[in-house]
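To start, the structure under review is shown below, and the notes come after it.
The values are calculated or read from the model by the stated rules, or taken from the named source; none is laboratory data. From a predicted model like this one, the values you see are computed outputs, not experimental measurements. Counting neighbours? That spans all protein chains shown, and the Cβs are built from the backbone with ideal geometry, glycine included. Just so you know, the surface numbers come from the protein's heavy atoms only, side chains and all, with ligands and any DNA or RNA stripped out. Shrake-Rupley method; radii C 1.70, N 1.55, O 1.52, S 1.80 Å.
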Amino acid sequence: MTATPLGIRLEHCGKHFPDGTQALTPLDLAIHPGETLVLLGPSGCGKTTMLRLIAGLERPDAGGRILFGARDVTALPIEKRRVGMVFQSYALFPNMSVRGNIEYGLRVRGDAPAQTPRQRG
Ligand SMILES: Nc1ncnc2c1ncn2[C@@H]1O[C@H](COP(=O)(O)OP(=O)(O)OP(=O)(O)O)[C@@H](O)[C@H]1O
Ligand SMILES: [Mg+2]
């Protein structure tokens, strides 16, 4: 199956956890098709929470919406989103390269690694 890059949009996405922690104040973000976005910020500023919202591991607070292309995926469970997430060190394969770790999910799913973006420049 050929993967066509889709844009990702977060609209007014905030996140409170049940213990009252506000991990994200509501934010709007557009990631364009094929764009690589790097999140930088101090520990606890909400980077992982934002990635978990995109992957579908967390739901945004009421009023928040997540769109893949034109499709609203806010209520779509993680297994239907077709999002790969590579976690931090404890969940990596230490015997594989960075590329190998990223490709692993694609290989398991049956997507040819040749479809993953090649390094440029
Ligand atoms: N399940 C949870 N329940 C309560 N609070 C949480 C939960 N997950 C994260 N938090 C809190 O939300 C805030 C944002 O956490 P998050 O893990 O998104 O930060 P981060 O930017 O990824 O940090 P780091 O750079 O350390 O990975 C922190 O205050 C964190 O303690
Ligand atoms: Mg984090």
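List of remarks:
- The range 24-39 residues that are in a loop (DSSP other than H, G, I, E, B), paired with ones that are charged (D, E, K, R) and surrounded by 11 or more Cβ atoms within 10 Å (Cβ to Cβ) (beta carbon under 7 Å, 6 or more apart): L39/K47
- Pick from the range 16-50, criterion more than 13 Å from ligand 2 (Cβ to nearest atom) and charged (D, E, K, R), ranking: least open to solvent (accessible area, probe 1.4 Å): E35
- Scanning the range 78-108 for residues that are away from ligand 1 (no atom under 16 Å from the Cβ) and open to solvent by 90 Å² or more (accessible area, probe 1.4 Å) yields E79, K80, R82, P94, N95, V98, I102, R107, V108.
- Against the conditions (1) of a type in the set (V, I, T); (2) surrounded by 10 or more Cβ atoms within 10 Å (Cβ to Cβ); (3) in a helix (DSSP H, G or I), I66 satisfies every one except (3).
- Output for the range 29-53, where each listed residue is aliphatic (A, V, I, L, M) and within 9 Å of ligand 1 (Cβ to nearest atom): L39, M50, L51
- Qualifying residue in the range 51-61 (condition: surrounded by 13 or more Cβ atoms within 10 Å (Cβ to Cβ) and more than 14 Å from the chain's Cα centre (by Cα)): yes
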